[in-house]
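The values are calculated or read from the model by the stated rules, or taken from the named source; none is laboratory data. The structure presented is a predicted model; accordingly, all values stated were derived computationally and were not measured. Counting neighbours? That spans all protein chains shown, and the Cβs are built from the backbone with ideal geometry, glycine included. The accessibility values were calculated without ligands, DNA or RNA, using every heavy atom of the protein model including side chains. Shrake-Rupley method; radii C 1.70, N 1.55, O 1.52, S 1.80 Å.
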Amino acid sequence: TTASMIADAATQAPTFFVLWIGNNDILSFATDGGATGVDQTGTFSGGAGTLPSAYSSTDITDPEAFAAIYAAPGTGLVPILTTNPNTKGILINIPDVNSIPHFTTVPFNAAELDATQTGQLVSGYAAYNGGLDAALNAGCPGLTQAEVDIRKIVFTEGAGNALVLLDETLTDLTTCNPAFAALVNMRQATANDLILITALSDIRNPAILAGTQTPLSDAQVLISSEITAIRNATMAYNTTIKAVADANPTQLALYDANAQLSELSTGGINYGTGVITDAFATGGGFSLDGVHPTARGYAVVANGIIDTINSSFNASIPKTDPGTQTTIFLK
């Protein structure tokens, strides 16, 4: 009951290790749409503030806490593992979770409407749009004309209509006046928002029609402020990981998973006998949860790690052919 993962790793007294941690310190917040998690950045306060043991499973780990666990002299995981000067290791950084299919498959403007649907929606949101003007005229605290313009719901016949979503950062108008109780924090998505792939079932469900007749929930969307929090934490973790590797080049080398996996969305990765991309279900790189690589995708990652080992430590580990590994096929 008093064991820790760091102590268990250290007792192995490894001659070589591969360390890839930190993904889930961000990913759980992202896949929850930031609905229940808290960005804990700035709360660690040198260990005198909030400790990771007090986090919920969907919180973003404070980068200072991550750095302490990863690299603090004498107590951090990497310093403990490299106590023996003959031990070597590969450190792997954190990919940008916002660039994986779980968050990029559903366009923000995915609604395609016929004339009847458009008429129904325009009529249905007329009271909401009019209520925003009334709330502005009534002087509801914090509400501006610019926010009213952002919040108004507009649909037109055809493709390219932005989905409707809840945004907790908008001014709460429901308590301003009993007449405005129905003016929930609602707006249409922009290119700065990411719609989670898990929202598709509600978007396509005729009884719900999320994104058109009803707004997407907080858990189904990452808004720009949440995306910024995720990216800031990712960059901070990666800065720590790189600094640790750079400080001890004789024992440590860095595999830049962030850079390699970003290639999946910019033409794909050619592994010699084929190509994988980030396209959901058809790209071959990601499994059907849109988060974890397929066996083929992991083989590409493994080869990247092997390349780093071979070049950094004068090794000659043979690589695998990702084309022999399983992936997803559509019939």
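Pick from Val154, Val148: which is out of contact with any helix residue (DSSP H, G or I) (no Cβ under 6 Å at 6 or more places or on another chain), under 23 Å from Gln213 (Cβ atoms) and not aromatic (Phe, Trp, Tyr)?
After applying the criteria, what remains is Val154.
Could you list all residues from segment 14-40 that are out of contact with any strand residue (DSSP E or B) (no Cβ under 8 Å at 6 or more places or on another chain), open to solvent by 80 Å² or more (accessible area, probe 1.4 Å) and either under 15 Å from Ser224 (Cα atoms) or not in a helix (DSSP H, G or I) (or both)?
Thr36
Those residues that are part of a loop (DSSP other than H, G, I, E, B) and either open to solvent by less than 20 Å² (accessible area, probe 1.4 Å) or small (Gly, Ala, Ser) (or both), I need them from segment 59-80; list them, please.
Initially, segment 59-80 is screened for residues part of a loop (DSSP other than H, G, I, E, B), giving 59, 61-62, 72-76.
The answer is Asp59, Thr61, Asp62, Ala72, Gly74, Gly76.
When the residues of segment 279-303 are narrowed to those that are more than 19 Å from the chain's Cα centre (by Cα) and surrounded by fewer than 19 Cβ atoms within 10 Å (Cβ to Cβ), which ends up farthest from Phe329 (Cα to Cα)?
That would be Ala302.
Among the residues of segment 1-13 satisfying the criterion of being within 16 Å of Pro79 (Cβ to Cβ) and of a type in the set (A, V, I, L, M), which is most open to solvent (accessible area, probe 1.4 Å)?
Filtering first and then ranking leaves Met5.
Can you give me the number of residues within segment 289-316 that are of a type in the set (A, V, I, L, M) and free of Cβ contacts under 8 Å to residues at least 24 places away in the same chain? Before the answer, list the steps.
So in segment 289-316, the residues of a type in the set (A, V, I, L, M) come out as 291, 295, 299-302, 305-306, 309, 315.
After this cut, where a residue has to be free of Cβ contacts under 8 Å to residues at least 24 places away in the same chain as well, the list is 302, 306, 315.
So the count comes out to 3.
Tell me, which helices (runs of 4 or more DSSP H) wholly within segment 93-154 include 3 or more residues that are open to solvent by 50 Å² or more (accessible area, probe 1.4 Å)?
Working: elements: 101-104, 115-137, 145-151.
Hits in segment 93-154: 115-137, 145-151.
Looking at Ala281, is it assigned to a helix (DSSP H, G or I) and either in contact (Cβ under 8 Å) with a residue 40 or more places away in the chain or of a type in the set (A, V, I, L, M) (or both)?
Details: assigned to a helix (DSSP H, G or I): no; either in contact (Cβ under 8 Å) with a residue 40 or more places away in the chain or of a type in the set (A, V, I, L, M) (or both): yes.
So Ala281 fails the test.
Between a residue in segment 1-15 that is within 9 Å of Ile80 (Cα to Cα) and any residue that is among the β-branched types (Val, Ile, Thr) and surrounded by 10 or more Cβ atoms within 10 Å (Cβ to Cβ), which pairs come within a Cβ distance under 7 Å, given they are 6 or more apart or on different chains?
Once the first residue is within 9 Å of Ile80 (Cα to Cα) and sits in segment 1-15, its partners that are among the β-branched types (Val, Ile, Thr) and surrounded by 10 or more Cβ atoms within 10 Å (Cβ to Cβ) give Ile6/Ile80; Ala10/Ile80.
How about segment 190-205: which of its residues are more than 16 Å from Thr31 (Cβ to Cβ) and among the aliphatic types (A, V, I, L, M)?
Scanning segment 190-205 gives Ala191, Ile203.
So, of the residues in segment 220-245 that are small (Gly, Ala, Ser) and open to solvent by 40 Å² or more (accessible area, probe 1.4 Å), which turns out to be nearest to Ala65 (Cα to Cα)? Explain how you work it out, then say what you get.
Taking segment 220-245 first, the residues small (Gly, Ala, Ser) are 224-225, 229, 233, 236, 243, 245.
So of that shortlist, the ones also open to solvent by 40 Å² or more (accessible area, probe 1.4 Å) come out as 224-225, 243.
Details: Ser224: 24, Ser225: 21, Ala243: 16 Å.
Among those that are small (Gly, Ala, Ser) and open to solvent by 40 Å² or more (accessible area, probe 1.4 Å), it is Ala243.
Can you confirm whether segment 196-204 contains a residue that is assigned to a loop (DSSP other than H, G, I, E, B), open to solvent by 50 Å² or more (accessible area, probe 1.4 Å) and out of contact with any Ser or Thr (no Cβ under 7 Å at 6 or more places or on another chain)?
no
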